[in-house]
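Contents: one structure, followed by commentary.
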Amino acid sequence: MFDYDLVVVGGGPAGMAAALKAREEGVEKIVILERAETLGGILEQCIHTGFGLHYFGEELSGPEYAGRFIEQVEATDIDVYTDTMVLNISEDNVVTAVNNSEGLMQFKAIAVVLAMGCRERPRGALSIAGSRPAGIMTAGTAQKYVNIDGYMPGKKVVILGSGDIGLIMARRMTLEGAEVKVVCELMSYSGGLQRNIVQCLDDFGIPLRLSCTVVKTHGKDRLEGVTIANVDERLQPIPGTEEYIECDTLLLSVGLIPENELSKDVGVELDRVTNGPVVDEYRETLQPGIFACGNVLQVHDLVDYVTEESQIAGKGAADYIFGKKKGGTYINTKGVDGVRYIVPQRVNIEGKENLKLYFRVGQVFKGAKVVVECDGNILSSRKKVKLAPGEMENVTITPEMLENMTKDSEIIVRIEQ
Amino acid sequence: MKKSLICVACPLGCPIEIEMENGEVISVTGNTCKRGDAYARTEITNPMRSLTTSVKVEGGVHPVVPVKSSAPIPKGKMFECMGVINQTSVKAPVKIGDVVIENILGLGVDIVATNCDSGK
Ligand SMILES: Cc1cc2nc3c(=O)[nH]c(=O)nc-3n(C[C@H](O)[C@H](O)[C@H](O)COP(=O)(O)OP(=O)(O)OC[C@H]3O[C@@H](n4cnc5c(N)ncnc54)[C@H](O)[C@@H]3O)c2cc1C
Ligand code: SF4
């Protein structure tokens, strides 16, 4: 058994930022365990630019953004095991992992940071009629084929879902010579950034069909085509609107789910909306000494925020390791009236620093107010020109606001039209 | 002549109307801020785009390495640049920032590597 102060599970931007922050705070024995052959996480395959505008003040590609953190990790004596898959975390923080050269290994830790990222919703999560021919895959899988393996998975493409990964792949496949016939979006709006709709679809004349879905796939061994149809307000296909489109590839870009198999096994409580752990303002789960950050905690659209969140978790883990994080009175946060969820879900009212509550809305609001209240008192109210489900928002809670709260208080964030 | 577009300079996405005469911009309306005005003018007269793609690497850990244009290129030149990039290959090792193609199509822009490949 190896003895460490901090074990970080996952070497994407979240894991690296948490480890680096903990090191900066003085934690000595740190190890990062990463399943892939290199550090960097999903960013290694995101070769488009648009990363780092907030954090570095310049526009980088995914590998460049990750590269800056990889360099920093390499400059420290933080231990890194790549090609190493974590299998289990026990209640007393023993992390079991396996790799080809060393076989089964156990790492005893004072604190653990969960940074396993997220995965894409697979086809099984959708109900599309038809056989299961080759040529149907998630947009992220196609992204890996094209950008890492240098291999084009098809020539005539239909994309279901207009999330950013789907939009980015529409452009990527087009640039490599494929014909992207249409992007179908079930909802009446796209969850992707406007910039991506313009630069990934409009630039290439790729149509975006809103309120439209794939109802059937055709072909036996290889996909030969799909049937698409419009949907009504209840998102049900409207009979008579079916249309056949010939294609050899169907890319699914229908959402991301935090990767929480390990968290569940160790008994970490999950939030029903985010599908990530319930955490306090230092991103500590309800399991003492186990922290979570990045996409495993909540799906982020900007990696810059992943870095910010992971530094908070790294600091929290350091405090825990040095015995500085003890006791306190925790109250819950709650999103209502259009606010779908809030992270962190718990806040220590004895906290002495400003903290941010991150949240997402469930629909588009224009000119609405974000109101924070507690025990009937309004703590803050700010007008926002636009709020959209695709963009994570935040409100700041100051120690002064926390002063008058009691153990039965609840911090509420709501949208007022 | 009136043209409309959506500003993408920030997530707000203001709908902008541009009045043109003989290829000259007469007025820009609908934008909420100055950036929208600037965006609309370049977008209508000379749209520019960053290009990101990958290039073959010989003897690398992976068969391709990602690259980007060192500055935005004219939107209409994207496919022509792709043609040149797809004819090119580099030899491992490759480092972030290595120039893969200098001054592509004489546009004054380089194609540079955005990841490293230490080679097999
Ligand atoms: C396909 C895809 C495309 C994306 N594109 C963009 C984009 O264009 N722009 C953007 O801002 N964001 C994008 N995102 C979101 C992106 O994931 C985040 O910006 C950021 O990479 C999240 O960082 P992370 O460290 O939390 O997760 P990740 O980058 O996913 O890193 C998690 C790491 O944990 C490792 N891991 C998981 N389980 C284990 C285990 N059991 N043992 C050991 N290691 C494990 C994984 O191998 C991975 O390296 C995309 C996400 C996906 C899934
Ligand atoms: S005009 Fe200004 S506010 Fe409107 S989208 Fe463009 S940058 Fe944003």
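The single condition from (1) of a type outside the set (Val, Ile, Thr); (2) farther than 21 Å from residue A:63 by Cα; (3) part of a loop (DSSP other than H, G, I, E, B) that residue A:184 fails is (3).
Would you check if there is a residue in region A:135-149 being closer than 27 Å to residue A:16 by Cβ and in a loop (DSSP other than H, G, I, E, B)?
Step one: filter region A:135-149 for residues closer than 27 Å to residue A:16 by Cβ, giving A:138-149.
Still in the list and also in a loop (DSSP other than H, G, I, E, B): A:148-149.
Scanning region A:135-149, I find at least one residue that is closer than 27 Å to residue A:16 by Cβ and in a loop (DSSP other than H, G, I, E, B), so the answer is yes.
Does residue B:65 satisfy the condition of being without any contact (Cβ under 8 Å) to a residue 60 or more places away in the chain and more than 16 Å from ligand 1 (Cβ to nearest atom)? When the stated conditions are applied, residue B:65 passes them.
The residue that is farthest from the other protein chains (Cβ to nearest Cβ), counting only those in region A:53-83 that are in a loop (DSSP other than H, G, I, E, B) and over 14 Å from residue A:305 (Cα atoms), is A:77.
Only one of A:209, A:172 is surrounded by fewer than 19 Cβ atoms within 10 Å (Cβ to Cβ) and either more than 17 Å from residue A:247 (Cα to Cα) or modelled with pLDDT of 95 or more (or both). Can you tell me which?
Answer to the check: A:209.
When residue A:41 is tested against (1) surrounded by 24 or more Cβ atoms within 10 Å (Cβ to Cβ); (2) within 16 Å of ligand 2 (Cβ to nearest atom), exactly one condition is not met: (2).
Residue by residue, here is whether (1) surrounded by 14 or more Cβ atoms within 10 Å (Cβ to Cβ); (2) more than 14 Å from chain B (Cβ to nearest Cβ) holds:
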residue: A:338; (1), (2): yes, yes
residue: A:341; (1), (2): yes, yes
residue: A:346; (1), (2): yes, yes
residue: A:356; (1), (2): yes, yes
residue: A:371; (1), (2): yes, yes
residue: A:377; (1), (2): no, yes
residue: A:389; (1), (2): yes, no
residue: A:403; (1), (2): no, yes
residue: A:417; (1), (2): no, yes
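Whenever a residue of region A:152-179 is at negative phi and within 14 Å of chain B (Cβ to nearest Cβ), its partners that are within 14 Å of ligand 1 (Cβ to nearest atom) and acidic (Asp, Glu), lying with C-beta atoms within less than 8 angstrom and at least six residues away or across chains, give the pairs A:164/A:301. When you scan region B:11-60, how many residues do you find that are within 16 Å of ligand 1 (Cβ to nearest atom) and modelled with pLDDT under 90? So the answer is 1.
For region A:277-294, the tally of residues that are farther than 21 Å from residue A:356 by Cβ and crowded, with 24+ Cβ neighbours inside 10 Å stands at 1. Which residue is farthest from the other protein chains (Cβ to nearest Cβ), if the candidates are limited to region A:84-104 and must be within 12 Å of ligand 1 (Cβ to nearest atom) and either closer than 19 Å to residue A:310 by Cβ or of a type in the set (A, V, I, L, M, F, W, C) (or both)? If we take residues in region A:84-104 being within 12 Å of ligand 1 (Cβ to nearest atom) and either closer than 19 Å to residue A:310 by Cβ or of a type in the set (A, V, I, L, M, F, W, C) (or both), then A:89 is farthest from the other protein chains (Cβ to nearest Cβ). In region A:11-28, the residue that is farthest from the chain's Cα centre (by Cα) out of those that are in a loop (DSSP other than H, G, I, E, B) and either within 11 Å of ligand 1 (Cβ to nearest atom) or without any contact (Cβ under 8 Å) to a residue 12 or more places away in the chain (or both) is A:11. Taken over region B:16-26, residues that are exposed (fewer than 12 other Cβ atoms within 10 Å of the Cβ) and either touching an Asp or Glu at 6+ places or on another chain (Cβ under 6 Å) or closer than 23 Å to residue A:391 by Cα (or both) amount to 1. The condition (being within 16 Å of ligand 2 (Cβ to nearest atom) and not β-branched (Val, Ile, Thr)) is satisfied by just one residue among A:71, A:34, A:59: A:59.
The values are calculated or read from the model by the stated rules, or taken from the named source; none is laboratory data. Everything numeric here is computed off the predicted structure, so don't read it as measured data. Virtual Cβ from ideal backbone geometry, glycine too; neighbours counted across all protein chains shown.
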